[in-house]
Amino acid sequence: MRWLLVLLGAVILVAVAAVVIVLPSSEDPPPPKAQPTPAKTEPTPQVSKVQDECGTFDTAEKYPYAITGYWITPKADPCTWRHQFQEIHRVGGDTVIRIGYGLQYRTVDEQGRILAKKSEGVDPLYADCVEDGRSCLRAAEADLKRLHPGNRIGRTYVYRTDEGFGPDLFRCTQVERAIDAGKRFYYRLLTPMDGGDDSTCDFDEPRTYDLILVSGSAPDKDSLTRLLSLGDQFGVRVFPALPLAPRMPGQETRANPTHLTTLTTLTRRLLQDYGARFDGRAALGGVYQPFEVMLGATLATNPTLEVYAGQHQIVEQELSGKPILISPYMDARKRVGFGQTPKQVAEAFKALAKTGVGIIAPQDSRGTGKVGLYWPDQRDEEIDARLRPLIGESTYGDAYHGSTRDYYREMSLARDQMIAEGHQVDLWANVEAFEPSTSGDKPCQPQGTRGKTDKKRLDQAVAMAGRYVQKIVSYMWSDFMTCGSPTLESEIIKDYRRPIAVDAIRRARSIQDGVEVRGYNFSGGTVTVEWSGGTKDLDIAATGWLDVAPAGELAEGLQTAWVPFDWAQVPAGEWVRVRVKLPTGQETTEPLRVRISV
């Protein structure tokens, strides 16, 4: 961010801030131009207390933290959802993002029964789909041939969900319907293989069709309806997941172009149903496309961009004003051939923005160990011991092309360029709330090796990314925030008042030199500036000022403090550390590193 230091009167500018990481530099983005979002647009709980078959729940936000959104995984028990919404909102969460399911191409046996994906035999999830003694595929084929004997089914797809749908899911009711199979509920969709989805339902000419068999819930047991009701009650926006595209064989990070027309049809049908049932619903924040791509130089040729662009067009048509959210990942490792530099990642960000997606929430990739949390003066230090199972023995400088902060800074610059070109896109940070391995403890998920992290590490991640993004979210609540003892949730509740500083710059007020610090929980605090010549403690209330309202497009909860400080006493080029401390003794976990040159 380019900052302009103006001294009034006859005082002349004597030093220009040039911070590699914290203070402004020629590479930093300009100050945000947008105005703060009006408070009235923020979701608020409709009631103060909820009482139902699951128990009694208050809807208060008691322990607000810098992370304000979380992913959750599908659960069969609706009471689990209610507990999750209460827990998430209690620590300041106002956004819930659903993990979703994928559209899958399947083969069938001679009776038209759906076969399992990776093993022989009938898939039990679809075995109960029977109509008049015939498999649903054979029944659909009979309906098609009744309309024209030349009609046939060429490919079969399945889609699993816990959602239930209304009549707007269907286009041609002569051949499409809901099937109540007792324990399971199915939706039978048919679409021409060429990708057409003509609402005239003209069957005069013979055609080859795709069958899409959806295993879901009955309409009166729709999970999204329940989640949106919880969103209304707790003041939380919900992002349901769009269907995941089938993957390229042997290339799991690329969508398979062969099946994109069918994916487009299914997406259109689902969003038509959403539009009919949830138009104008404030709790519906947007939709989430769960297909992950790596931010890198090869992204421009990845067919997954076609998925994003196609689904964006459908969302604009059926849910106008609701954004698509995606969460790509980064890999900064030098020891792998596909590790990417911050500038390469920024170029990939631009490619994503041009597809029309409204929110890009890059994974900070610290949980997977693919990017490190470190400052420029820490490049020669040994990496965090929790990264060694993936990286081995190494310094940060040898291990990574850049730190988390480097990547988000470059992406914020890329976002500025995209907005200037007319692409409306927000940059969020997805802070991974886990470690690469368990370090001897039990893993946080039934399958996998990822282990529990701690609030100190989350605070560090927030400090690295917080300056450059409009919102901070985290993967994920289910499993990782509730794993181990103590859980991350309990650590946040116990320590939520701790200040987190995300940005410090040299800034004068009138004719007085000083330092401006941005971050969380500064009320009643003292700014400490430490350099080789000494330490200066500056009480914010007594010597400076505090603005608790986030400026421009800064993330919710960010505050701005200013205190007087004479930078002339600091040798040029020296790293200075800036901390914030409260009267309770709670101090920033991660001090900001500041360096200026004259």
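Computed quantities for the displayed model
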{"item": "Hits in the stretch 46-94 (condition: at pLDDT 95 or above, of a type in the set (Ser, Thr, Tyr), within 21 Å of the chain's Cα centre (by Cα) and part of a loop (DSSP other than H, G, I, E, B))", "result": "65, 68"}
{"item": "Matching residues in the stretch 457-480 - criterion: being closer than 29 Å to residue 415 by Cβ, open to solvent by 10 Å² or more (accessible area, probe 1.4 Å) and part of a helix (DSSP H, G or I)", "result": "460"}
{"item": "Residue ID - farthest from residue 93 (Cα to Cα), chosen from residues in the stretch 561-574 that are buried (at least 19 other Cβ atoms within 10 Å of the Cβ) and touching a Phe, Trp or Tyr at 6+ places or on another chain (Cβ under 9 Å)", "result": "570"}
{"item": "Members of the stretch 172-206 found to be modelled with pLDDT of 95 or more and in contact with a Lys or Arg (Cβ under 7 Å, 6 or more places away or on another chain), listed by number", "result": "176, 177, 179, 188, 189"}
{"item": "Residue in the stretch 557-566 that is among the acidic types (Asp, Glu) and more than 30 Å from residue 416 (Cβ to Cβ) present", "result": "yes"}
{"item": "The lone exception for residue 321 - which of (1) closer than 24 Å to residue 472 by Cα; (2) in a loop (DSSP other than H, G, I, E, B); (3) touching a residue at least 24 places away in the same chain (Cβ under 8 Å); (4) not aliphatic (A, V, I, L, M) it fails", "result": "(3)"}
{"item": "Residue match in the stretch 333-340 (condition: over 29 Å from residue 264 (Cβ atoms), touching a helix residue (DSSP H, G or I) at 6+ places or on another chain (Cβ under 7 Å) and part of a strand (DSSP E or B))", "result": "yes"}
{"item": "Subset of the stretch 95-113 (residues that are open to solvent by less than 10 Å² (accessible area, probe 1.4 Å), within 24 Å of the chain's Cα centre (by Cα) and of a type outside the set (A, V, I, L, M, F, W, C))", "result": "95"}
{"item": "Top-ranked residue in the stretch 210-224 [being outside any helix (DSSP H, G or I), open to solvent by less than 10 Å² (accessible area, probe 1.4 Å) and not aliphatic (A, V, I, L, M); ranked as nearest to residue 46 (Cα to Cα)]", "result": "222"}
{"item": "Every residue from the stretch 225-253 that is farther than 10 Å from residue 283 by Cβ and either buried (at least 19 other Cβ atoms within 10 Å of the Cβ) or among the polar types (S, T, N, Q) (or both)", "result": "225, 239, 240, 241, 242, 243, 244, 245, 246, 251, 253"}
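This table checks each residue for (1) within 19 Å of residue 406 (Cβ to Cβ); (2) touching a residue at least 12 places away in the same chain (Cβ under 8 Å); (3) open to solvent by 10 Å² or more (accessible area, probe 1.4 Å); (4) among the basic types (Lys, Arg).
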| position | (1), (2), (3), (4) |
| --- | --- |
| 287 | no, yes, no, no |
| 303 | no, yes, yes, no |
| 307 | no, yes, no, no |
| 340 | yes, yes, yes, no |
| 343 | yes, yes, yes, yes |
| 349 | yes, yes, no, no |
| 355 | no, yes, yes, no |
| 369 | yes, yes, no, no |
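Yes/no per residue for (1) under 17 Å from residue 263 (Cβ atoms); (2) part of a loop (DSSP other than H, G, I, E, B):
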| site | (1), (2) |
| --- | --- |
| 149 | no, yes |
| 156 | yes, no |
| 187 | yes, no |
| 191 | yes, no |
| 197 | yes, yes |
| 204 | no, yes |
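The values are calculated or read from the model by the stated rules, or taken from the named source; none is laboratory data. Note that the structure is a prediction, hence the values are computed from the model and not measured. Quick reminder, even Gly has a Cβ in these numbers, built from the backbone with ideal geometry, and neighbours come from all protein chains shown. Side chains included, ligands, DNA and RNA excluded: accessible areas come from the protein's heavy atoms. Shrake-Rupley method; radii C 1.70, N 1.55, O 1.52, S 1.80 Å.
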